[in-house]
1. Which residues, taken from segment B:225-267, are touching a Pro at 6+ places or on another chain (Cβ under 7 Å) and not in a strand (DSSP E or B)?
2. Out of the residues in segment B:510-547 meeting the condition of being more than 38 Å from the chain's Cα centre (by Cα) and either among the charged types (D, E, K, R) or within 30 Å of B:Asp243 (Cα to Cα) (or both), tell me which one is modelled with the highest pLDDT.
3. Within segment B:454-472, restricting attention to residues that are assigned to a helix (DSSP H, G or I) and surrounded by fewer than 24 Cβ atoms within 10 Å (Cβ to Cβ), which residue is nearest to the other protein chains (Cβ to nearest Cβ)?
4. Helices (runs of 4 or more DSSP H) wholly in segment A:322-391 with at least 2 residues that are within 14 Å of chain B (Cβ to nearest Cβ) - which ones?
5. Are any of the residues in segment B:488-509 part of a loop (DSSP other than H, G, I, E, B), more than 11 Å from every other protein chain (Cβ to nearest Cβ) and crowded, with 24+ Cβ neighbours inside 10 Å?
6. Using the structure shown, decide if B:Gly95 is of a type outside the set (Lys, Arg), in contact (Cβ under 8 Å) with a residue 24 or more places away in the chain, surrounded by 24 or more Cβ atoms within 10 Å (Cβ to Cβ) and within 19 Å of A:Pro26 (Cα to Cα).
7. Can you confirm whether A:Glu126 is in contact with a Leu (Cβ under 9 Å, 6 or more places away or on another chain) and outside the structural domain of A:Tyr179 (by TED's automatic domain parsing)?
8. Please pick out the residue among A:Val180, A:Val208 that is hydrophobic (A, V, I, L, M, F, W, C), surrounded by 24 or more Cβ atoms within 10 Å (Cβ to Cβ) and either away from chain B (no Cβ under 14 Å) or not in a loop (DSSP other than H, G, I, E, B) (or both).
Amino acid sequence: MLLKHTTKEIMERSALTVNPAKTCQPIGAMYAALGIHGCLPHSHGSQGCYAYHRSSLTRHYKEPVMAATSAFTEGSSVFGGQANLLQAIDNMFTVYKPDLIAVHTTCLSETIGDDIPQIVNKAVAEGKVPAGKYVIHANTPSYVGSHVTGFSNMTKAMVDYFAETGAKKNKTINIVPGYVEPSDMEEIRRICDAMGIPIIMFPDTSRVLNGPLTGRFHMYPAGGVTIPELRQTGQSMGTVALGNLASTAAAFALDAKCKVPYKLLDLPIGLHGTDMFIDILRNIAGVNVPDSLTFERGQMVDIISDMHQYFYGKKVGLVGDPDQLLALTKFLVSLDMCPIHIVTGTPAGKKFTAELREATKEVPCDVNIKVEGDMYLFHQLVKNDPVDLLIGNSYVKYIAKDEDIPFIRHGFPIFDRIGHSYLPTVGYRGGILFLEKILNALMDRQDRDATDINMELVM
Amino acid sequence: MASTTHAEIADKRLLDGKDPERIKQEMLRDYPPKIARKRAKQIIINKVDKDKTVPEISSNVRTIPGLIGQRGCCYAGCKGVVLGPTRDIINITHGPIGCGFYSWLTRRNQTDASASPDGHNFMPYCFSTDMHEKEIVFGGEKKLKQAIQEAYDNFHPKAIAVFSTCPVGLIGDDVHAVSREMKEKLGINVFGFSCEGYKGVSQSAGHHIANNGIFTHVIGNDDTVREGEFKLNLLGEYNIGGDAFEIERIFEKCGITLVSTFSGNSSIDDFANAHTADLNLIMCHRSINYVAEMMEKKFGVPWIKVNFIGAQATAKSLRKIAQYFESPVLAEKVEAVIAEEMPDIEKELQLIRPRTMGKRAMMFVGGSRAHHYQELFTEMGMETLSAGYEFGHRDDYEGRRVLPDIKVDADSRNIEELDISPDPDRFRPRKSPEELKQLVEKGLTFSDYEGMMAEMKIGSMIIDDLTQHEADKLIETFKPDIFCAGIKEKYAVQKHGIPMKQLHSYDYGGPYAGFKGAINFYRDIERMVNSKIWGFLKAPWEKNPELSANYVFDE
């Protein structure tokens, strides 16, 4: 047993987190910043933070993750990190020549109270920021929210620093894709392209964290939203924000700053999530949905109907990030599956819990929803009320192995498989891929458990 | 500069056909002048005098903000490296959630819980106080106390350790006082570490703090003397990928009793007992030499430097152990084991050497590995062009002979040096001064480490705390056949079209220690430097972009 000390009996805990279902803000900010073209993310704190964040993102994407640090010493922790950040800005622009530096803070610099804009102004005054280059920042104290909050804060910073109000709105739609994979961002763009809608997506980590091996290392890969595009977001006719926790802040800021109205949607995961996304896009942009997308939708419906018997009534335990959990739960319910344990470590609020309750109200079982729970509790819930399928990040494999339950990897981090960088979960195509994953997991199990007598060739 | 002496001219060597000094200047050219001056002292072209004196290298100095390097923090060194791999201590990270999360299972320290009677194994778990804003403002001691209580109630461990993260030091939580209080209340060993991430200049500070803590709170707690004639501790072996298991296998064959390993496949019970051993072996000098020094002062256990990375190095280290115990039985046994293991090594080397001979490697890792792994490459007929440590000190590069000359700077001064004196009851010199003298005369060296540079070729480039910029320059200039570092460097190197071997996590392979480990390593490196994929980077139309006159159908 890997997690042999995990008991079925659940004791109330108020202070100890065991096996967290979240991590801290700065890593989300670093991930978001990598979705700007030519950007070097910068961690204003001890060097351990950026080392950990780069390591985790690298293990997850198996790609270079470039970022820098202020490398606080004990002295800077006492006297503030201004000197370190000034030196870092100078060194980064001199040696690594990014178009912009995206500074995020840490628990250390936030506890000290470093004022980043003031330090950046000083850097500008001292000539450390070359003409046409930028330093942006987001406050991302690690002791507030989670990695999702950090992603949201850095995405909002893109609006705060760059969005410009124009005389006239154009036909472009801004997409804030939420905390999703590069493959998902690519798929969202493909859908919009197919509909003939010009978009600006920010951040956009596709072609940054799923790049090719060519024999040449590029410090700043081909992908990412550009600074001119970020400026133009203020002149777009509207914004579609995907996922409340990760995307609302940026969309709201853009509305407040440049009067660009926004529509908040769930992540376009599953049939209805994707339907809603495409339907809203159609209405905002005033375009017809191309047959190609309707055809893809039909394929997805076809698969669900063909294989319905394998989905029906199966109990699922999910652990991960709020926006993902909400969309996935709705997807699973639409398949007549029963998500019965839903846990996130992110403090997502009462409204989120209520939305999950609403989404699962027709599930014919007791549904445990724990917002601000951890994986230890999740495991205990599974022990008390076993499930047929687990969905979560790589750490869930320890639970899956101990309890001998089929398992699909989804979320962050995935350290032990590839796929998430290249194959989407969003859209109809992503949905088909996800259906395949569910079926493979469940049907492989049926095959494994089949006796010599009831082994099925055709399923 | 003063006029060049003859000796210097004679020492001037080309590195792989290139002038290393010129390459160094090219690396520095892109830095702001002040930074270039600092880095110039950390990039050294190797020279080795007859008495093994090597040039001074600036190391264990502050990381330069903004340059992008390899280093982690004090917490990572303390919790992640030294204390993390012990299965039966509940390690609670006191801080916001990130630090505990990132150090959860990511270092591949294997452990065999069936070796402990109670079977405790908390290593697959992550424990954190997950501090929120409230605790940052009003203090986190109350939450920490409650967390320790909950850890005890849920898991009933025999020991709990508490690790401070950056904000803990700033807000002034006293983790030691809380630990003392809870130790008394729960009746189990509870101890804290002030290993805030900003302390020191790298992981190295955390190693030292961990050494101090484990020496103060654990070593010597159990005086039970175990059976066995040749009892020793293995220090600085973390059982990545099962390295310690392989070393244990060899020790067992030789009849050597391993009292404890600091810290791989380890139990706190073994640490408590470590002072009863008769010899300390040091693998990773950087991370653990402090414990060895303190055990010698307090309990009289001498230490020698060993290396179980490389078949020859393993054999040499085993012979040193036999020499120390002065037992013909052990010496005979060791020779028999070496004789038994070596044929497989030779057989494997015969197979792979034609495919590895003359290939060139670079390695930038740790505080020992960049040195130790050169042994394995040498066995394969490969040359190390350039190497350096992430968090080594001058003694790791230049040898302990320079210890008296090392200036203690502001960052090092803050890391406590414990004042250790002989234990009134338990200090027991294992060898008399006369015996020690005789052993030294026979060639055994105690309490010494010669460092990396003395064993490297003249002209090779030694680079401390390598930056991304310097790594790129090295790769572009030399196009090495393999580059070794950690996960953060891995894919940037490979984008250049050069295979990259992780020497922290072994790319999820291993073990690489001992005899069987050497064979694993030969095979992995042979596979990597000869992998077909590096020849497939260009599509046919990229190799030959001109359209040819004929359609393919016409041929």
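The values are calculated or read from the model by the stated rules, or taken from the named source; none is laboratory data. Model, not experiment: these values are computed from the prediction. No Cβ is skipped: glycine too gets one built from the backbone with ideal geometry, and neighbour counts run over all protein chains shown.
1. Narrowing segment B:225-267 to residues touching a Pro at 6+ places or on another chain (Cβ under 7 Å): B:238-239, B:241-243, B:245-246, B:263-264, B:266.
B:Tyr238, B:Asn239, B:Gly241, B:Gly242, B:Asp243, B:Phe245, B:Glu246, B:Ser263, B:Gly264, listed by residue number.
2. Step one: of segment B:510-547, the residues more than 38 Å from the chain's Cα centre (by Cα) are B:539-547.
Narrowing the set further to residues that are either among the charged types (D, E, K, R) or within 30 Å of B:Asp243 (Cα to Cα) (or both) leaves B:542-543, B:546.
Values: B:Glu542: 90, B:Lys543: 86, B:Glu546: 74.
My answer is B:Glu542.
3. To start, the set of residues in segment B:454-472 that are assigned to a helix (DSSP H, G or I) comprises B:454-455, B:468-472.
If we keep only those that are surrounded by fewer than 24 Cβ atoms within 10 Å (Cβ to Cβ) as well, we get B:454-455, B:468-469, B:472.
Values: B:Ala454: 30, B:Glu455: 28, B:Gln468: 7, B:His469: 5, B:Asp472: 7 Å.
The residue in question is B:His469.
4. On the way: elements: A:322-334, A:350-359, A:375-384.
The qualifying helices (runs of 4 or more DSSP H) are A:375-384.
5. Narrowing segment B:488-509 to residues part of a loop (DSSP other than H, G, I, E, B): B:496-499, B:503-505, B:509.
Of the ones still in play, those that are also more than 11 Å from every other protein chain (Cβ to nearest Cβ) are B:499, B:503, B:509.
Retained after the next criterion (residues that are crowded, with 24+ Cβ neighbours inside 10 Å): none.
Among the residues of segment B:488-509, not one is part of a loop (DSSP other than H, G, I, E, B), more than 11 Å from every other protein chain (Cβ to nearest Cβ) and crowded, with 24+ Cβ neighbours inside 10 Å, which makes the answer no.
6. Values: of a type outside the set (Lys, Arg): yes; in contact (Cβ under 8 Å) with a residue 24 or more places away in the chain: yes; surrounded by 24 or more Cβ atoms within 10 Å (Cβ to Cβ): yes; within 19 Å of A:Pro26 (Cα to Cα): yes.
Answer is yes for this residue.
7. Working: in contact with a Leu (Cβ under 9 Å, 6 or more places away or on another chain): yes; outside the structural domain of A:Tyr179 (by TED's automatic domain parsing): yes.
Considered against the rule, which asks whether it is in contact with a Leu (Cβ under 9 Å, 6 or more places away or on another chain) and outside the structural domain of A:Tyr179 (by TED's automatic domain parsing), A:Glu126 comes out as yes.
8. Working: A:Val208 fails: either away from chain B (no Cβ under 14 Å) or not in a loop (DSSP other than H, G, I, E, B) (or both).
After ruling out the rest, the residue left standing is A:Val180.
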